[in-house]
Structure formats: C-alpha cells, structure tokens
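The values are calculated or read from the model by the stated rules, or taken from the named source; none is laboratory data. Fair warning: this is a prediction, and the values are worked out from it, not measured in the lab. Ideal geometry is used to build each Cβ from the backbone, glycine not excepted, and the neighbour counts take in all protein chains shown. Protein only, heavy atoms only, side chains kept; ligands, DNA and RNA dropped before computing areas. Shrake-Rupley method; radii C 1.70, N 1.55, O 1.52, S 1.80 Å.
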Amino acid sequence: MKNDPIGTAVLDYMAGAEDAEVIVESNLTEEDVIPVYYLFRTEAEMPELEQQALDACRGAVLDVGAGAGCHTLALQQRGVNATALDVSAGAVEAMRRQGIRQVLHQDVYKLEGAKYDTLLMLMNGIGLAGSLPGLDRFLEHAKTLLAPGGQILLESADILYMYEEEDGSVILDLNAGYYGEVKYNMKYKEQESGWFDWLFIDAAILEDYALRHGYTFEVLQQGDAGNYLARLELEG
C-alpha cells in the first residue's frame, strides 16, 4: 500500500503495535501525532459528542471517512444498518477484520446509486471538503446520496483561537483565504499521505452554506475544544 499511513498504522496496531502513532504535519501548528489506539475506541470510550451523534443516527447510515471503523462498529452492535466508507485500503481491511459487514473502499464523490438516511462525519469529517468552494461541492453531492428527509451529522470546529496572540488579539491574513482552510501531511514509517487540504468551519458560516444548499441547520452539541456537532437536514 503506497501513500496509506493511516491504513498501515491501523493494521500494525491490530498486529500488536499498541504504541503506533501517525505523525501529523500542518501549515498552521507544530508537528503532532495521532495515537492509533484512539481510532479503535469503544462506544463507552467515546466523547459525549460522538455518543450523541450515534444516538441521532437514523435509518441507513453511511459513515464517511470511517477510518478504523469504531463508529460503524458501534452502530452495527446497536443493530443499525450502517455502512463504512474510506479511501484507505488498509483501513478497509482493518474494518473487515473486525467484522464490520458493510464496507466500501471508495471516494465519497464517486459513490452513486445508493441512498442513505444519515451521513455520519465525525472527527471533523466535514474536513474532507477541503475548502469553502469544496464545501459547496460536497453539500450538493450529498443530496445525491441522501433519501428524502435525510440528514448529515457532522463534527467540525472553529479554530479562530489558534490565531490568537498573547494579548488576546487575533491576527489574520485577509489575503490568505478563510482561516479554517488548513493543509496537512501524515506520515507513518515509510508511508506518507502527501499534503492535502482540510477544512475546519465555524458554525455560523456552515449554517449559511447549509441554508444556501437547501438544508436546515442545527447545532446539537458544543464540545470542549471549540468543536461542535451539527445536523444538516433535507426536507422530506
């Protein structure tokens, strides 16, 4: 598997590498790591926001960017008709090994034909939109995947605090685009994702985009780190 740091790491973890970590580089902050064990948390170990998202799922659920599949697995254990989707070959293999019954190795933008009642996008899953223009693209594509009355349950965050100075002021480069558009690169052993765009979006702007594309908008819960859980819903 080339360019699959997450997939390689989760398979290594399942093979016994309990201390595996994925290195995360960004254009905004210092280098960070993702402890791979966190991608395998049980429902009882999940933050309250994620547990509320699982409670809010209804009908046929598509877990977009499912990773190691912890949310899909929790839904499956509840008896929910849940499907996991991820572009990582390693993550897809890891999910299948864990007994997740419905797994798609696919780019969400290439998914056609199926209809879901809920698109689940946790761990800042809406970040895959990459940018504000990308958010327009995603919200339109999501309509082709949602049944009438379908919903998107997503987690994101307002990261304006990351631009604060010591005196509390905020300095933004107004020529650099929206401050929530971030670039990342992930590394694990010899695997490297390459730099990619990721979007963090504050709730007020997300509401504007949702309404523009014909969704209703509701914040279901505020998290502890500027993050929040939102529901975008289509009319039935």
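General remarks:
- Taking a ≥ b ≥ c as the square roots of the eigenvalues of the alpha carbon gyration tensor, segment 67-127 is rounded, as a/c is under 1.5.
- Taking amide H as placed 1.01 Å from N in the peptide plane, the amide H of Ala82 sits under 5 Å from that of Val61, each at least 5 places away or on another chain.
- In segment 33-141, GluC sites (Glu not before Pro) in a DSSP loop with at most 16 other beta-carbon atoms within 10 Å: Glu112
- Considering only Leu104, Leu160, Leu122, the Gaussian network model of the chain with Cα springs below 10 Å gives its largest mean-square fluctuation to Leu160.
- Backbone HN-Hα couplings from phi across segment 131-143 [Karplus 6.51/-1.76/1.60, Hz, Gly and Pro as x]: 7, 5, x, x, 5, 4, 4, 5, 5, 6, 5, 4, 4
- A simple spin-label model places pseudo-atoms 7 Å from Cα toward Cβ; at Val80 and Ala204 they are separated by 3.1 nm.
- Shape of the chain, Cα gyration tensor, a/c cut at 1.5: oblate
- Magnitude of the charge dipole for the chain, about its Cα centre and with charges confined to Cβ atoms of Lys, Arg (+1) and Asp, Glu (-1), is about 1420 debye.
- Rounded percent of accessible protein surface that carbon and sulfur make up, segment 38-91, 1.4 Å probe: 49
- Scanning residues 5 or more positions from Asp4 or on other chains, those with amide H under 5 Å from its amide H are Glu192, with H placed 1.01 Å from N in the peptide plane.
- Farthest toward positive dipole pole in the chain [+1 Lys/Arg, -1 Asp/Glu at C-beta], among Gly223, Leu73, Ser193: Leu73
- Candidates Gly180, Gly65, Gly79: whichever shows maximal mean-square fluctuation once the chain is modelled as a Gaussian network with Cα springs under 10 Å: Gly79
- Shape category assigned to segment 106-236 from the gyration tensor of Cα positions, a/c cut at 1.5: oblate
- Probe 1.4 Å, protein heavy atoms only - accessible area per residue of segment 1-100 in square angstrom: 46
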